[in-house]
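Since every read-out is calculated from the coordinates, none of them should be taken as a lab result. Here the structure is a predicted model, which is why all the values come from computation and not from measurement. So basically every Cβ, Gly included, is an ideal-geometry build from the backbone, and we count neighbours across all protein chains shown.
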Amino acid sequence: MRFGISGLAAVAAVVGTLGLAGCQSSAPTMASADVTNAPVGAGVNVSPGSREDFIVHIGRRVFFGEGSADLDGTDLETVTLQAAWLARYTSYKVRVQGHADDRGSAQFNKDLSMRRAEAVKAALASRGVDPSRITTQGVGNTRPQLRCQDISCWAQNRRVLVQLM
C-alpha cells in the first residue's frame with residue numbers, strides 16, 4: 001500500500017487520536033469553582049483599583065511550606081505588594097483565608113490554616129494596613145485548590161488567599 005504525503009498525515013492523525021483515546025488522565029482535578037478558581041478577564045482593560053487589578057497585577061495567594069506558617073522571601077514580596085496596593089485603595093476590607101493540604105488531622109490543619117492567616121495579617125499590618133480592615137479565617141483542608149495525591153497538589157493547597165471585600 002502506498003500513501004502520498006497527505007495520506008500519511010491523515011493516517012498519523014487517526015493513529016494519534018486512537019492512541020490518545022485509550023489513555024486515562026491522571027491529571028489533578030479542580031476541587032470547586034469558588035472564588036479561588038474564579039476566572040478574571042484575562043487582564044484586558046483592567047481598571048486600576050478594581051478587584052481584578054488586585055488579582056491580575058498584585059496576586060492574592062501566598063504559599064507555605066509543609067507544616068509551616070512562616071513567610072519566606074517570596075511570600076514577603078507578595079505581601080509587600082498587597083500592602084502597598086491596599087494602602088492606595090483604602091475602601092476595601094480584606095478577608096485573609098488560610099488553607100492546608102490534606103495531610104494531618106482535621107484539627108491540626110484547621111489550626112495551621114488559622115496560623116497562616118494570622119501570619120499574613122500580621123505582615124500586612126506591619127506594612128501599614130490598618131488591622132481593623134482585616135479579618136482572618138482558617139478553613140483547614142476543607143477547600144482544596146487541587147485534589148490529588150501528589151506533592152504538587154499538596155503545595156498548591158498550602159496557601160492563604162487574600163480576598164477583597
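Laid out as a table, the results:
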{"read-out": "Computed Kirkwood radius, in angstrom, where 1/r is averaged over Cα pairs of segment 65-165", "value": "13.7"}
{"read-out": "Gain on full stretching of the segment that runs from Lys93 to Asn45 - 0.36 nm per residue minus C-alpha separation", "value": "14.9 nm"}
{"read-out": "Part-to-part distance (alpha-carbon centres) for segment 59-108 and segment 116-132, which is given in Å", "value": "9"}
{"read-out": "10 Å beta-carbon shell around Phe63, net charge (K/R +1, D/E -1)", "value": "+2"}
{"read-out": "Exposure proxy order (Cβ contacts within 10 Å, fewest to most) of Val120, Val46", "value": "Val46, Val120"}
{"read-out": "Residues Lys110, Lys121 arranged by fewest to most Cβ contacts within 10 Å", "value": "Lys110, Lys121"}
{"read-out": "Zone of His57's modelled label, taken as backbone nitrogen in segment 77-93 under 14 Å from a point 7 Å along Cα→Cβ", "value": "81-90"}
